[in-house]
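A short reminder: the numbers here are calculations on the coordinates, not readings from a lab. These numbers were taken from a predicted model, which means no experiment stands behind them. Quick reminder, even Gly has a Cβ in these numbers, built from the backbone with ideal geometry, and neighbours come from all protein chains shown.
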Amino acid sequence: MSSTVLPQGAGYGVVIGMGLFFSLLMVGIAKLQTRYTSHKTSSAEEFNSASRSVPPGLIAAGIVSAWTWAATLLQSSATAYKFGISGPWWYASGAAIQVLLFAMISSKLKQHAPFCHTYLEIIKARWGRTAHLVFLFFALATNIIVSTMLILGGSATVTDLTGMNTVAACFLIPLGVSIYVLTGGMRATLIADYSHTLVLYCILISFALVAYATSPIIGSPSKMWELLNYAAGANPISGNAQGSYLTMRSKSGLIFGVLNIVGNFGTVFNDQAYWQRAIASDPKTSVKAFLWGGIAWFGIPLGIATSLGLSAVALAHGTSTPIITLTADEVSAGLPAVKAASALMGQSGATAMLILLFLAVTSACSAEQIAVSSILTYDIFGTYIRPNPSEKQILWVSHICIFSYALFMGAIATAFNYIGVSMGYLYELMGCIIGSAVVPIALCITWRKCNGTGACVGAVLGFCAGVAGWLGITSTLNDGVINVTTTFGDYEMLTGNLLSIGIGGIITVAWSYIHPANFDWDITRSINNKEDFILTENNESSAKPLAYEDEKEKLDFAGEGLQDGVEPTRNTTHTTVEAQPTDMAKENEELQKAFRFAAVAALSLIVILIFVIPLPLFFASHVYPAKGFTAWVCISLIWLFVGLGMVGIYPAWEARKGLMKVGKGIMRDITRRN
């Protein structure tokens, strides 16, 4: 296209205007929160961890928002364009299972390290300084890769739709986000996540309804089926049954599914953003939040790829005269959905897509900024530069880190853009780089016998094996030519991803069986417990696990828990030393039950999503008839509505008492002034 669908001013208007709007909105919410609730953003614990008291609906919305990248919307649609209906399924299922499994991690986190700020604090307390530095590399590498993908995908879309300068988009997007993150911290980030997710679901549902109900070009599942059948004849997919877009029998789709599963373990388990949400959640409901988040999120890539991704196929290859055209570079950049939205809805579709991508990118950016800020503040500044920093120092460093990382996000995305590395390339590469740390990080909080030396060796050798295997296969299959194009092949990426996570996991587990540790979880339970012990008149004990409260009371009983000159309040209770184990055992039992429930629920869903549904269809080489495809479309649309209920409507219902409290406070202030 020689001209863009929208004027350049629209790009700047959305990026700057909506960025300022949400920033002002979050500033206002932060003011209301400080004025009418007990949560003060001047507290470091509130700023970085939202006082560890966030209910499950808001956490689930935050998980969906953090996991909805530009790639979720763009790359999922590109897989539908390249592989047919198998692409959306493998994208959705291959990236949902990690969030479901993280429900198990969240329960163990609350059980074994209830007051940590980052997962790296657990690694340092358990395995020491060397391990801390090793996994610090993987943590920051994960955040940098994810941030780069977010900005690359968002800037590519803004540029394609409006002609906005790519470099300007790369810098303006993260800088706008940093304003409201700086103002409100973790809770403001979660509230912004909720508002973004609510609008995102509404736009996705409208796209699906236009594609399958109201569009004069397509307008029904049966018409889409006809166009996709024509496309299979005109532009068959190599490796698909009958070259069809309507089959799960797709060799390239299956390879992508494996890549997706392996790569996304790293971007969940290694990403502080998800640990941050587990840390911020209420201990009693963290498992529910992650299970809900994973189930709700599944419908987003499935829904948009089934509507816009397949629409792009129909519009490009479903008629003798193509309505849209897509180059290989545009497909790699994730633009099939953008082209389809513009063709189906004109300027309104392009505008909706621009807003959709802006919301997805900014909410995920906010998650990365607060995550990196926590790592830099607690694991670098608070560990190596200024041990035991004051609360004022923590807040100051957190603010500096958020703004600095926003600038860095823009710079690194610009650099990758100029060297020709796309979002799709990074999406498939990330498992090679960060996959080796997945198993060691997961076992650090779940298995007392995991050996720290084995974990470090596994992570480092897995990384080396992944990169070496990726480049080695590239050289072998491409006559020694190694460049961006040759390293982007299916088998090249698959080899690197599998070697990284496989070698890292095997070495860690084998070493731990040969030289098992016998770790005492009381060491990690003690992380930050004295630091966070503040006696107040309004003791918010509901936000703190019972075991932790009992540990503090035990210190008080022994005469060591109270600060000099601080007297207990009337709400402070004392327990005997003999009573403590009973309460701790009770809470441990409750958290262990939550872990077992999470394990059964997550593993059952994984078996269904990865094995029971797709594999029989793959081996049967089944090509969907019109009625079967209609059922597929209906399921994807229903899933979107279910997700809207889970993370759009439920959190508002959950917060009704708090909203009423704020409303009454505002009315009280108004009546007093009058």
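Other residues whose C-beta falls under 13 angstrom from the C-beta of A316 contribute a net charge of +1, scoring Lys and Arg +1 and Asp and Glu -1. Between S398, L150, G663, the Cα set farthest toward the positive side of the dipole of the chain (charges on each charged residue's Cβ, about the Cα centre) is that of G663.
Quick one: work out Rg over Rh on the C-alpha atoms of the range 601-641, Rh as Kirkwood radius.
Using Cα coordinates only, the ratio equals 1.05.
Rounded to the nearest 20, the size of the Cβ-charge dipole of the range 623-674 about its Cα centre is 460 debye, with Lys and Arg at +1 and Asp and Glu at -1.
Each part reduced to its alpha carbon centroid, the range 289-311 and the range 405-450 end up 22 Å apart. Cα-based radius of gyration for the range 230-298, normalised by 2.2 N^0.38 Å, reads 1.69. Between N451 and S512, A517, the built amide H atoms are under 5 Å apart, and every one of these is 5 or more places off in sequence or on another chain.
In sequence order, the range 493-506 has phi-based couplings of 5, 4, 4, x, 4, 5, 5, 4, 6, x, 5, x, x, 4 Hz under the Karplus curve 6.51 cos²θ - 1.76 cosθ + 1.60, θ = phi - 60°, and Gly or Pro positions carry x. Taking other residues whose beta carbon is less than 11 angstrom from the beta carbon of T362, and scoring Lys, Arg as +1 and Asp, Glu as -1, yields -2.
Excluding W127 itself, calculate the net charge of residues whose Cβ lies under 15 Å from the Cβ of W127, where each Lys or Arg counts +1 and each Asp or Glu counts -1. Spell out each step's value before the answer.
Working: positive: K124, R126, R129, R448, K449; negative: E121, D379, D520.
Residues close to W127 contribute a combined charge of +2.
With θ taken as phi - 60° and the Karplus curve 6.51 cos²θ - 1.76 cosθ + 1.60 applied, the whole-hertz 3J(HN,Hα) list for the range 483-490 is 8, 4, 5, 6, 6, 8, x, 4 Hz, x standing for glycine and proline.
Each of V199, V15, V181 has some number of other Cβ atoms within 10 Å of its Cβ, and from fewest to most they run V199, V15, V181.
The base-10 log of I(q)/I(0) for the range 293-446, evaluated at q = 0.12, 0.17 Å⁻¹, reads -0.77, -1.21 [Debye formula, identical scatterers on Cα atoms, solvent excluded].
What is the mean projected area of the alpha carbon convex hull for the chain, to one decimal in square nanometres? Provide the component values of the computation, followed by the final result.
On the way: hull surface 124.1 nm².
Result: 31.0 nm².
Remark: S604, S404 ranked as S604, S404, counting other beta-carbon atoms within 10 Å and listing the fewest first. When +1 charges are put on Lys and Arg Cβ atoms and -1 charges on Asp and Glu Cβ atoms, the dipole computed for the chain relative to its Cα centre reaches about 1080 debye.
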